[in-house]
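Below is one structure; the comments refer to it alone.
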RNA sequence: GGGCGCGUAGCUCAGCGGUAGAGCACUACGUUGACAUCGUAGUGGUCACAGGUUCGAUCCCUGUCGCGCCCA
């Protein structure tokens, strides 16, 4: 039995709880079955949301799109493995914790800080669980993981150990991107370019043997770190300068003048200085020309006292003056130092023109601080030597939409740095390494034994060593170093010799689908491909589905600062999960979508219509029990005899075909559209009106009525299943309410294998043509009434039908099987099929051009 | 500066070689026994612009302009 009104809140709460209870053969509806083989599985590499973020519409948008795919695959018969995880380690979480608790990691013990991180993370994870449950994600909660859990740490450390053993991981002091605010190294992907106003100064260097040379620089504070001057070989002054030494101002350091094509003769004076390190070009020159390393900025972004200055590698022609400059600058931030150096240069009379320029400054994505390039020992995954192989791996994956692959390839082609995975932070996965202090092997890297993972080198020891013999590696991994093994965290294995459960790994890796957003193609997708390739020379997934962003209604980005953020909770409360899911289902993969209340209202209209149509059908099929089998079998058994009934079943079969094909291609929006059109146009607007005469017993006999009831039964049941991935709550409520006999057998409408089957459907082409004709003529009759501005109830005294331009051969024979239904639905009193319409009266063509009709309306009732 | 995507009815979008589609909005009519959270019908577009290919272009090619994103 169904109530008149759909009680949204109560129904959603009921099924949320029910789906988590063991129901189908003792298992939960969405449970993955670990005993089955890989052949029947469908494995999803779900994005673990970063718990440091706040809940926004984007989460609903992208996670629901994945859920639509998961639900289809499950209903279509796959053993779906749909895990969920939380990315809770790393710098983003540390920053969140410092903010919400008003503390600083640097002010407390490492252990205390980590403890607080765990607390904050718990609260945040519960918010996500509630949201995901509210929108009915069909994830298997038994597969939940955290990237900071011991299991994830073990997987992540196994990964690093495997890369180390295979020679893909190196640790050496080399120039690294450094965030002086958070005091940690960063990877290329965490850099954002910000346009900042600044100045370019001309500065005069002296020349050995007399004279001066003028360079242009935006970073005069680095003059002390200068190792050479560069000039383009075609520069007019190249001839006189090349081969000579310049003398840096303030410090008096002799530096060679070298030729390089990369020194832009159009920029500034056309002569630049190369320092340790102003930018990435400096690093190239430093490598290429074998320049000395001259460090003058420390890890906190302040000027050092340059202890090596004055030595053999760092000579000066005027040590005393240089020491004055060093003393004046020591301890200043880079920014303060810039001002001071300019003053000193001015006082020394070597400062030339100052020009205002806008420049792009590389900054840390998280802290926003301008980056320095500092030489520190860091762990790098070697990727620069593998660009071609990485692009090839990307091409083995099906990208949806395909053009997103280009973004990946462009990123790989433009890589400038190996992947730096070490961070000088606290809340993360530690490296499973120590450095030996044993005499004779000082500095040797000692790796943990795979069986001992996870290890904390600050507490644990490498096999065979005493505490006093080792120095632990103090760093933690970047959060991407762990999230990049999300498929392996779920599959419980990384590589040969690094397996927790080889059987499970073989079943779950590679996964079938990676869903994710496009802005992290260069990070998460890229890093995951790197890991899978280096560990097992595999692509990590078969398909990758890229979702777009959820924009505000005006198509601008939602952001707190703009105040245009719509929270998921307000929408869920107002419209319910089914309507919100409907909104996400209407836009395809890859496209950004504006949040639209209009679309939500359409969803509302659809669910209301579905509820009411089901109430109507329910009234006519209640006593059928589970006597109906399948449309095909019931038709073959002579239970479905009406032409219109065969017509709606044929349209249903075609709709199923489209919906199945589109869903299999991840085109859930096209699938939904096909089902919606069938439900609204064919079923509600036409079939239900045409079938009422027989359903209520006003037309035909018992067999005709039974035929109608069987067709109503099958059509509604199938439509519910087709809508089930998009509207899980309402379809379950109706299904459990009306199809109780079937529900006893199998459980939830969302159960595995519940997608309708093409082989159970039946298409009768003759009946289809007859039904199409009935629908076209009914529409023309309605149009005649609408044009006459009368009620649709107004009877038609006489309806005459003649062949139109594209008429079928025998109109009378075609219409015969539906004549009674048609006349009843149209309120027609007298009916005739003729060769051509009589003169006079307003004839109408049907939309398909098959017929011309003349409807003479009865006088309206008084 | 490079790459990618997008510009179709007032709005949100589909179509992608053969006389322009849907929903919303708007207008008119209508409470018909599932539904007024409704029904039926209608109005509405030189498919951003300019060239080219073709018998024929919204659809393919080239260029221009505008918007968005990614990367320098």
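Please treat every number below as a calculation from the coordinates, not as lab data. In this text the structure is predicted, and so the values were computed from the model without any measurement. Neighbour counts are summed over all protein chains in view; Cβ atoms, including those assigned to glycine, are modelled from backbone coordinates with ideal geometry.
Please work out the FRET efficiency for the pair residue A:110 and residue A:327, using the Cβ-Cβ distance as r and a Förster radius of 25 Å; give the result to the nearest 0.05. Approximately 0.10, to the nearest 0.05. Of the beta bridges in chain A, as assigned by DSSP with both residues counted there, near 75 percent are antiparallel.
Measuring r between the beta carbons of residue A:279 and residue A:685 and using R0 = 56 Å, the FRET efficiency lands at 0.25. Relative intensity of the stretch A:196-364 on a log10 scale, I(q)/I(0) at q = 0.10, 0.15 Å⁻¹, equals -0.33, -0.80, per a Debye sum over C-alpha point scatterers of equal strength in the absence of solvent.
Modelled label positions at residue A:262 and residue A:537, each set 7 Å beyond Cα in the direction of Cβ, lie 3.4 nm from each other.
In whole Å, how far is the Cα centre of the stretch A:344-363 from that of the stretch A:260-328? What the calculation gives is 16 Å, centre to centre.
Tell me, what is a quarter of the convex hull surface for the C-alpha atoms of the stretch A:1-92, in nm² with one decimal?
Numbers: hull surface 35.6 nm².
Convex hull of Cα atoms, orientation-averaged projection: 8.9 nm².
If you count the DSSP beta bridges with both ends in the stretch A:776-862, what percent of them are antiparallel, to the nearest 5? In the stretch A:776-862, DSSP labels about 70 percent of beta bridges as antiparallel. Classification of the stretch A:464-542 by its C-alpha gyration tensor yields an oblate form. The axis ratio a/c (a ≥ b ≥ c) is 1.5 or more, and b/c is at least a/b.
Can you tell me the relative contact order of chain A? Whole percent, Cα pairs under 8 Å, sequence separation 6 or more.
Numbers: 1586 pairs, mean separation 122.7, N = 862.
Reported relative contact order: 14 percent.
Its Cα gyration tensor gives chain A an equivalent ellipsoid; the semi-axes, largest first and in whole Å, are 71, 32, 22. Taking label points 7 Å from Cα along the Cα-to-Cβ direction, residue A:359 and residue A:677 give a separation of 5.9 nm. Straightening the chain between residue A:343 and residue A:151 buys 63.5 nm, computed as 0.36 nm per residue apart minus the Cα-Cα spacing.
Suppose R0 equals 25 Å; then what is the FRET efficiency for residue A:127 and residue A:565 from their Cβ-Cβ distance, rounded to the nearest 0.05? Could the numbers behind the result be given before it?
Details: r = 15 Å, r/R0 = 0.61.
Efficiency at R0 = 25 Å is approximately 0.95.
Distance from the alpha carbon centroid of the stretch A:158-208 to that of the stretch A:782-853 works out to 79 angstrom.
Name the shape class, rounded, prolate or oblate, that the alpha-carbon gyration tensor gives for the stretch A:330-406, where a ≥ b ≥ c are the square roots of its eigenvalues, rounded holds for a/c under 1.5, and otherwise prolate holds if a/b is larger than b/c and oblate otherwise. Write out the running numbers ahead of the final one.
Working: a/c = 3.35, a/b = 2.50, b/c = 1.34.
Here the stretch A:330-406 falls in the prolate category.
Taking 0.36 nm per residue of sequence separation and removing the Cα-Cα distance, the residue A:458/residue A:832 pair yields an extension gain of 125.2 nm. Expressed in Å, the radius of gyration and Dmax of the Cα atoms of the stretch A:778-857 are 11.7, 34.
How big is the C-alpha Rg of the stretch A:608-766 next to the rule-of-thumb value 2.2 N^0.38 Å, as a ratio?
On the way: Rg = 14.6 Å, N = 159, 2.2 N^0.38 = 15.1 Å.
Taking the Cα Rg and dividing by 2.2 N^0.38 Å, one obtains 0.97.
With the simple model of a label 7 Å out from the Cα in the direction of the Cβ, residue A:702 to residue A:847 spans 3.9 nm. Contact order, relative form, for the stretch A:608-766: 37 percent (alpha carbon pairs under 8 Å, 6 or more residues apart, mean separation divided by residue count). The mean of 1/r over all distinct Cα pairs in the stretch A:726-840, once inverted, gives the Kirkwood hydrodynamic radius of 17.8 Å.
If you find the alpha carbon centre of the stretch A:658-674 and of the stretch A:63-120, how far apart are they in angstrom? If we compute the Cα centre of each part, the gap is 32 Å.
Subtracting the Cα-Cα distance of residue A:594 and residue A:318 from their residue separation scaled by 0.36 nm leaves 92.8 nm.
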